[in-house]
1. Summing -39500 (n - 2.57) over the DSSP H runs of n ≥ 4 in the chain and dividing by its residue number, what mean residue ellipticity at 222 nm do you reach, to the nearest 500 deg cm²/dmol?
2. Using only the alpha carbons, work out the radius of gyration and Dmax of segment 17-135 in angstrom.
3. Return the ratio Rg/(2.2 N^0.38 Å) for segment 89-193, where Rg is computed over Cα atoms only.
4. So in the chain, what percent of DSSP beta bridges are antiparallel if you round to the nearest 5?
5. Can you tally the net charge around residue 291? Count Lys and Arg as +1, Asp and Glu as -1, for every other residue whose Cβ sits under 14 Å from the Cβ of residue 291.
6. About its Cα centre, what dipole magnitude does segment 1-87 give when the only charges are +1 on Lys and Arg Cβ and -1 on Asp and Glu Cβ, stated in debye to the nearest 20?
7. Ordering 133, 163, 298 from largest to smallest accessible area (1.4 angstrom probe), what's the sequence?
8. Charges only on Cβ, +1 for Lys and Arg, -1 for Asp and Glu: so what's the dipole of the chain about the Cα centre, in debye to the nearest 20?
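The values are calculated or read from the model by the stated rules, or taken from the named source; none is laboratory data. What you are looking at is a predicted structure, and each value in this text was computed from that prediction instead of being measured. Quick reminder, even Gly has a Cβ in these numbers, built from the backbone with ideal geometry, and neighbours come from all protein chains shown. Accessible surface areas use protein heavy atoms only, side chains included; no ligands, DNA or RNA. Shrake-Rupley method; radii C 1.70, N 1.55, O 1.52, S 1.80 Å.
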Amino acid sequence: MNKSETHIIGAGLSGLSAAVALTASGYKATLYESSPQAGGRCRSFWDHELNSIIDNGNHLILGSNKSVFAYLKVIGNESGLIGQSNVRIPFIDLRTGKRWAIRPNYGKIPWWIFSDSRRVPNSSWFNYLSILKLMFASNSTTVKECLGGNTIMSEMLWEPLTKAVLNTEMHLASAKLLWPVIKIAFGNGAKGSQPFFAREGLSSALIDPAIDFITKNNGSIKYGCRLKDIEFNNKKAISLNFGEYSVDVGKKNQIIIAVPPHIASQLLPDILYPSETRSILNAHFRPQHPIKIPGKSKFLGIVGGTADWVFLRDRVLSVTVSAADELIDEKNELLAKSLWKDLCTALSIQNSPLPPFKIVKEKRATFAQTAGSTKSRPNAKTPWKNVILAGDWTNTGLPATIEGSVKSGLTAAIRARRKM
Ligand SMILES: Cc1cc2nc3c(=O)[nH]c(=O)nc-3n(C[C@H](O)[C@H](O)[C@H](O)COP(=O)(O)OP(=O)(O)OC[C@H]3O[C@@H](n4cnc5c(N)ncnc54)[C@H](O)[C@@H]3O)c2cc1C
């Protein structure tokens, strides 16, 4: 057991991933979390109105998200996620009622693009080759500049996919950030693009088992501890001020700052950070009678309405609207009515009054992953010798996702270990 300790600020997935990696290799880690619950932007809670556990937002993980599956293995909860067995991404266009599904094949050679029944209606295999343009995109290239050449493909596939992955509109979104996801998702065939979801909830899948693991392995977590400021001396952090008390940072100890970018920028003067953000809106409905998504799917992409995606878990239908900044200040009742109307059309629900609902608004869901935003993502290394950065917004080379968060925590832990 190494006697040095790492103080980790923020118990979202990035902070938890760092703590798991450190404690798994015999190092002491203490997490400080400002809220009463861990998980940050990836958490569950009990909702009385819906009589159910719901997540702050629908989260989809891909079969190719290697860091996430490695993290689950370490914390002993590989069964926390459930994969959809038939690999298909189903869609409906609300304006025409047309339904289709993208169905990648197993194996490395993507022959599915040559099959009419596996791709967007009225598209040609040729349209799919444009994704190769993403590979050569510069920092300032938008997704639209690479993939916007065909209107049908843009509306029916690229725009919904870009919004889902980057939480940013296609005409602004970074092509460079979309590429790593497209590459691993479609480059590995159906296995890579297999959708996974939290079996019972995000907290029981990804958060609670991590806390169990950390506390059983010489780590600890303190809730309700908001780091207010850091005292620096001679290019080192020497004290962490939590208001009611402060923590002296021992000589060999390390600090990992794993908080959202706007908070990190207040704690660490002059750091680089992406300041623009995008919202995500989620509406959870509990219809009176169980409702199924056609094709035994757990989710459905919606084109031509306000809703982007609907997910089904047990009795609860959950709608996601990404890059939802224009809607986020609308009244909940109005949002629920409009999204329920979309659902009734998408799922062919006849004459159904608005069921009990819960609206969850994440105003700063992710940083705006626009072309050029990659330049404002900092590395884990900071100008202070014992301070390391983690977070989905740091320079992971990946979009702001669970995979990116887990990877950033691991990178920070490796750096901390090297210094202790
Ligand atoms: C609605 C929604 C849907 C999403 N969908 C997907 C998806 O489908 N797939 C996917 O891969 N990703 C998705 N994401 C992204 C994913 O949730 C995030 O990338 C990830 O949760 C970020 O984790 P993090 O630890 O970097 O940051 P956070 O989760 O923000 O964690 C930071 C933690 O720091 C704490 N904190 C803040 N300030 C302080 C302080 N001063 N002192 C102590 N603690 C502090 C916060 O309370 C928080 O717990 C979604 C996000 C949202 C919001």
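1. Working: 12 runs with 109 residues, N = 420.
Roughly -7500 deg cm²/dmol at 222 nm, from the helical runs in the chain.
2. Final numbers for Rg and Dmax: 20.4, 58 Å.
3. Details: Rg = 13.2 Å, N = 105, 2.2 N^0.38 = 12.9 Å.
Expressed relative to 2.2 N^0.38 Å, the Cα Rg reads 1.02.
4. Numbers: 47 of 67 bridges.
About 70 percent, rounded to the nearest 5.
5. Details: positive: 286, 292, 296, 298, 313, 315; negative: 314, 342.
Once all neighbours under 14 Å are counted, the net charge is +4.
6. On the way: 6 positive and 6 negative charges, 80 e Å.
Magnitude of the dipole: close to 380 debye.
7. Numbers: 133 110, 163 40, 298 70 Å².
If we order 133, 163, 298 from most to least accessible, we get 133, 298, 163.
8. The dipole magnitude comes to about 1300 debye.
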